[in-house]
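Peer 1: Following this message is one structure expressed as C-alpha cells.
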Amino acid sequence: MLMMRVHLLSRRPALLLTLFLGALPLVAGPPPLSASAAASQAAAPAGAAGGTLAPHAEKSLRFAVIGDSGTGDKPQYQVGERLAESRSVFPYAFVLMLGDNIYGSEDFVKKFERPYKALLDLNIPFYASLGNHDDPNQRFYKPFNMDGQRYYTFEKEGVRFFALDSNYMDQTQVDWVEKELSTSKNTWKIAYFHHPLYSSGERHGSEVDLRAVLEPMFMKYGVSVVLSGHEHFYERLKPQNGITYITNGGAAKLREGNIRVGSDMTAKGFDTDRSYMLAEIAGKTMYFQALSRTGELVDSGSIEAVKPPPADDTVR
C-alpha cells in the first residue's frame, strides 16, 4: 500500500515528504513568534471589515475560507469578528476549513464555538479538512460536517468540493480521489486540504511528493482551484499547469515575513498579519478576495473554470 507521510525533522525548517509502507502519525511543533509577530497580537483597530467587496452577481455561490485557525487566542477571535462583519456585505453561505482547526487541547468551545459564534448562531455550516495538528477524531465533531470521514466530497449549487486528508495519502484515499474526480460532471471542481502542493514559504515550501500523486489527477479531471493552509500566511500562486493554487493558513497564526522574496511562483503574498478569504462562483467565473485581521483588502481577482476533460478520460 502506498502511503505518503509528512514529518518534521528536529531543527530542520522544511517539511519532508517520503513514501513508505504503513501508517504513522504526523508530528510537528509550532514555531516561536518573532518579536514583531508577537507585537501583532495587539488589538486590531475598531471598525467593520471595511475592505470587503460586495458580490459581483445577484445569484451566485458564496463561501468563506479559513486555515490554521484553532488557537483560541485573541487574533482568532478578531478574524472571527471580521468574518461576521464581512457577511453583512458579502452574504456567504458556508465556510471551508483548511486544517489545524484545533491546536493542542481539544477545547472546541474556546477554539471554535466562541470565535465563530455569530456565524454558528446563523446556522452557517463549516466544512473541515484535517491538518497535522488535528486529532483525526475531529471528524466525528458534528459542527465540522465531516460525517466521520477523513476525506469526503459535497456539492453546492453545481460546484463540487473535495476535502482531502493530506496527512495520510494512502492508496485507498488516492483511489477514492480518482474515482470521485473521474465521475464528477461538474464544471467547477475545487479541492482543499492542509499541505500546499506549491508554496514560497521559507519554513515549509512545496510538498513535492504529494504533488506528484495528486496533481496529475487534478489536471486530468479538471480541478480549477486548490486551497491549502499549513503555511501561516496568504499566498496566491501563479497558475501551475492550468490550476490556481492558494495558500490561506493565517486565520489565527502568523509566520511573519516567511514568503521568499522574489519567488517566481508568487502572484500575490501577504505575510504581515492574519487573513481569511471570501469567494463567489457565478457561471464559469470565480471571484475571490482576501482580507486581513483589520479588515483590509489584500488581494482580489477572478479565476476561470478550466475546460472539462473528455468524459472517458482516465489517469493511467
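The values are calculated or read from the model by the stated rules, or taken from the named source; none is laboratory data. Keep in mind the model is a prediction, meaning the values are calculated, not measured. Every residue, glycine among them, receives a Cβ derived from its backbone with ideal geometry; neighbour counts consider all protein chains shown.
Peer 1: Testing ALA49 on (1) at pLDDT below 95; (2) more than 14 Å from LEU278 (Cα to Cα); (3) surrounded by 12 or more Cβ atoms within 10 Å (Cβ to Cβ), one condition comes back false. Which one is that?
Peer 2: The number of the failed condition is (2).
Peer 1: Pull up segment 221-236, narrow it to residues that are outside any loop (DSSP other than H, G, I, E, B) and either touching a helix residue (DSSP H, G or I) at 6+ places or on another chain (Cβ under 8 Å) or not basic (Lys, Arg) (or both), then point me to the one that is surrounded by the fewest Cβ atoms within 10 Å (Cβ to Cβ).
Peer 2: VAL225
Peer 1: Search segment 140-169 for residues that are farther than 25 Å from THR187 by Cβ and assigned to a helix (DSSP H, G or I) and pair each with any residue that is modelled with pLDDT of 95 or more and aliphatic (A, V, I, L, M) when their beta-carbon atoms are under 8 Å apart and the residues are at least 6 apart or on different chains.
Peer 2: Here the result reads PHE140/MET146; PRO143/LEU120; PHE144/MET97; PHE144/ALA128, each pair linking segment 140-169 to a residue that is modelled with pLDDT of 95 or more and aliphatic (A, V, I, L, M).
Peer 1: Considering only segment 160-177, I want to know if a residue exists there that is over 30 Å from ARG260 (Cβ atoms) and in contact with a Gly (Cβ under 9 Å, 6 or more places away or on another chain).
Peer 2: no
Peer 1: Could you tell me how many of the residues in segment 162-175 are surrounded by fewer than 22 Cβ atoms within 10 Å (Cβ to Cβ) and either in contact with a Phe, Trp or Tyr (Cβ under 7 Å, 6 or more places away or on another chain) or among the hydroxyl-bearing types (Ser, Thr, Tyr) (or both)?
Peer 2: Residues meeting the conditions: 3.
Peer 1: Go through segment 134-148 and count every residue that is of a type outside the set (Phe, Trp, Tyr), buried (at least 19 other Cβ atoms within 10 Å of the Cβ) and either out of contact with any Gly (no Cβ under 8 Å at 6 or more places or on another chain) or closer than 14 Å to ALA64 by Cα (or both).
Peer 2: 2
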